[in-house]
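Novice: Just dropping this structure here.
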Amino acid sequence: MTRPGFRLALCATLLALVVVLLGAYTRLTHAGLGCPDWPGCYGFISVPKTEAQLAHAELRFPDSPVEEHKGRNEMVHRYFAGGLALMIMMLGVQAWHRRHISDQPVGLPLLLVGVVGAQAAFGMWTVTLKLWPQVVTAHLLGGITTLSLLFLLTARLSGVFAPMPQMSPRVRRLAAVGLVLVALQIALGGWVSSNYAAMACTDLPLCQGQWWPEADFANGFHLTQHIGPNYLGGKLDSTARTAIHLTHRIGALLVTCSLLMLAWQLQRAGLKGLAGLLAVALVLQIALGVSNVLFHLPLGVAVAHNAGGAALMLTMTFINYRVRPAFAVSRRHAPSFWQHAHVLLHLGPHR
């Protein structure tokens, strides 16, 4: 039987997925600075269109000419993100009012309120710091974290999927390691995107016709880049971008091996559905990654690759929810904030 707040949590989860995909679309269409200010667009609530608005925009932002399609992409993303923030606030308020109900999650919705507040700040800094790669990557991770936590909340409120505390420690360890590796791989994917390194290698399995081309890892992962330049298009040289791309490929191999081992262990434990779901999500994501390289980053495939990363993260979140005994909370006592914090810490570093 579903618990109060389930429908709202489900709608918020679906909306969060849309926001993540809109963020990817905005990034991939180079529209991250389609509006040079925040939260408005050239001082307006939408993209300037009339002659008077365009003149005002040119006067205030002489170095940022209006490009309507880019501004539209950016503002649509902001509108949806604002709607998501309101829904999460509603979840937090409802959870607080229902905190005396047995088995009603409270800490998780309140944590989501904090995360979405941080996301708003990162969204602002993405614009004001002109696509500084560190902030862009953190903003992507924040979006995936928000989506995963909402999905976890929805699963808990569904009343359908129960944790399985009797699962073997080996499966639990593999699930935890797999979740951390997927989170790190998504972070690497964000670093590839924010530094425009996706096309540093345009062949497979080689890179630039070599197994190991010249790569500058020191500059590729120099995390103290200067704040101030406009990072649209990236500032790194080709060898630094090659290092980032190669690291992402190595990460993909590690994730693949880890998740295949987990799928095998789930199969042996009799969880054929979870094993199959994980295998499908993994194979689909690998295929999309390969297609990005071979077809030179077509927009539709690149957005789908972001969706595949989110799907893989949700799959790992669900698997960890099912196999970890920390989720088995007594029905006699409402879960506290610290119980949720303990669970989330075990789900990975970005939670």
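Novice: Check residue 202 against each of (1) of a type outside the set (Phe, Trp, Tyr); (2) over 13 Å from the mean Cα position of the chain (by Cα); (3) part of a helix (DSSP H, G or I) and name the one condition it does not meet.
Specialist: (3)
Novice: Something else now. I need a count of the residues in the stretch 119-137 that are more than 17 Å from residue 82 (Cα to Cα) and in contact (Cβ under 8 Å) with a residue 40 or more places away in the chain.
Specialist: Residues that pass the stated criteria total 9.
Novice: Quick check, is residue 91 over 20 Å from residue 27 (Cα atoms), part of a helix (DSSP H, G or I) and in contact with a Phe, Trp or Tyr (Cβ under 8 Å, 6 or more places away or on another chain)?
Specialist: no
Novice: Exactly one of (1) under 20 Å from residue 323 (Cβ atoms); (2) among the aliphatic types (A, V, I, L, M); (3) open to solvent by 30 Å² or more (accessible area, probe 1.4 Å) is unmet by residue 152. Its number?
Specialist: Answer for residue 152: the failing condition is (3).
Novice: Closer than 27 Å to residue 8 by Cβ and open to solvent by 40 Å² or more (accessible area, probe 1.4 Å), is that true of residue 106?
Specialist: No.
Novice: Search the stretch 168-197 for residues being outside any helix (DSSP H, G or I) and open to solvent by 30 Å² or more (accessible area, probe 1.4 Å), and hand back the single one that is nearest to residue 266 (Cα to Cα).
Specialist: Initial filter on the stretch 168-197 (outside any helix (DSSP H, G or I)): 168, 195-197.
Okay, now just the ones that are also open to solvent by 30 Å² or more (accessible area, probe 1.4 Å), so 168, 196.
Numbers: 168: 10, 196: 37 Å.
Residue satisfying both the conditions and the ranking: 168.
Novice: Can I ask one more? Find the residue count for the stretch 71-119, including only residues that are in contact with a Lys or Arg (Cβ under 8 Å, 6 or more places away or on another chain) and within 30 Å of residue 49 (Cα to Cα).
Specialist: 0
Novice: Is it the case that residue 4 is open to solvent by less than 30 Å² (accessible area, probe 1.4 Å), over 18 Å from residue 143 (Cβ atoms) and not in a helix (DSSP H, G or I)?
Specialist: Answer is no for this residue.
Novice: Filter the stretch 231-281 for residues that are of a type in the set (Ser, Thr, Tyr) and closer than 19 Å to residue 187 by Cβ; which is farthest from the chain's Cα centre (by Cα)? Before the answer, list the steps.
Specialist: As a first pass, look at the stretch 231-281 and keep what is of a type in the set (Ser, Thr, Tyr): 231, 238-239, 242, 247, 256, 258.
Of the ones still in play, those that are also closer than 19 Å to residue 187 by Cβ are 231, 242, 247, 256, 258.
Numbers: 231: 21, 242: 23, 247: 19, 256: 19, 258: 20 Å.
Only one residue fits best here, namely 242.
Novice: Sticking with this one: Quick check: anything in the stretch 35-52 assigned to a helix (DSSP H, G or I) and more than 20 Å from residue 88 (Cβ to Cβ)?
Specialist: Yes.
Residue-by-condition table, conditions (1) closer than 30 Å to residue 158 by Cα; (2) among the acidic types (Asp, Glu); (3) at pLDDT 95 or above:
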residue: 1; (1), (2), (3): yes, no, no
residue: 11; (1), (2), (3): yes, no, yes
residue: 19; (1), (2), (3): yes, no, yes
residue: 22; (1), (2), (3): yes, no, yes
residue: 64; (1), (2), (3): no, no, no
residue: 71; (1), (2), (3): no, no, yes
residue: 78; (1), (2), (3): yes, no, yes
residue: 99; (1), (2), (3): yes, no, no
residue: 104; (1), (2), (3): yes, no, no
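Novice: For the condition under 20 Å from residue 231 (Cβ atoms), of a type in the set (A, V, I, L, M) and surrounded by fewer than 19 Cβ atoms within 10 Å (Cβ to Cβ), what is the one hit in 124, 89?
Specialist: Result of the check over 124, 89: 124.
Novice: If you go through the stretch 262-285, how many residues are exposed (fewer than 15 other Cβ atoms within 10 Å of the Cβ) and assigned to a helix (DSSP H, G or I)?
Specialist: Going through the stretch 262-285 one residue at a time, the tally reaches 7.
Novice: Next question, about the same structure. Residue 213 fails exactly one of the following numbered conditions: (1) of a type outside the set (S, T, N, Q); (2) assigned to a helix (DSSP H, G or I); (3) open to solvent by less than 30 Å² (accessible area, probe 1.4 Å). What is the number of that condition?
Specialist: For residue 213, the failing item is (2).
Novice: Within the stretch 237-269, how many residues turn out to be under 16 Å from residue 215 (Cβ atoms), in contact with a helix residue (DSSP H, G or I) (Cβ under 6 Å, 6 or more places away or on another chain) and of a type in the set (A, V, I, L, M)?
Specialist: 3
Novice: Can you work out which of the residues in the stretch 1-60 that are charged (D, E, K, R) and within 28 Å of the chain's Cα centre (by Cα) is farthest from residue 151 (Cα to Cα)?
Specialist: The selected residue is 37.
Novice: Quick one: would you say residue 131 is of a type outside the set (Val, Ile, Thr), in contact with a Ser or Thr (Cβ under 9 Å, 6 or more places away or on another chain), surrounded by 18 or more Cβ atoms within 10 Å (Cβ to Cβ) and assigned to a helix (DSSP H, G or I)?
Specialist: Against the criterion (of a type outside the set (Val, Ile, Thr), in contact with a Ser or Thr (Cβ under 9 Å, 6 or more places away or on another chain), surrounded by 18 or more Cβ atoms within 10 Å (Cβ to Cβ) and assigned to a helix (DSSP H, G or I)), residue 131 does not qualify.
The values are calculated or read from the model by the stated rules, or taken from the named source; none is laboratory data. Quick caveat: nothing in here was measured; it's all calculated off a predicted structure. When we count neighbours, we look across all protein chains shown, and the Cβ atoms used for this are built from the backbone with ideal geometry, even at glycine. Just the protein is used for accessible areas: all its heavy atoms, side chains included, with ligands, DNA and RNA removed. Shrake-Rupley method; radii C 1.70, N 1.55, O 1.52, S 1.80 Å.
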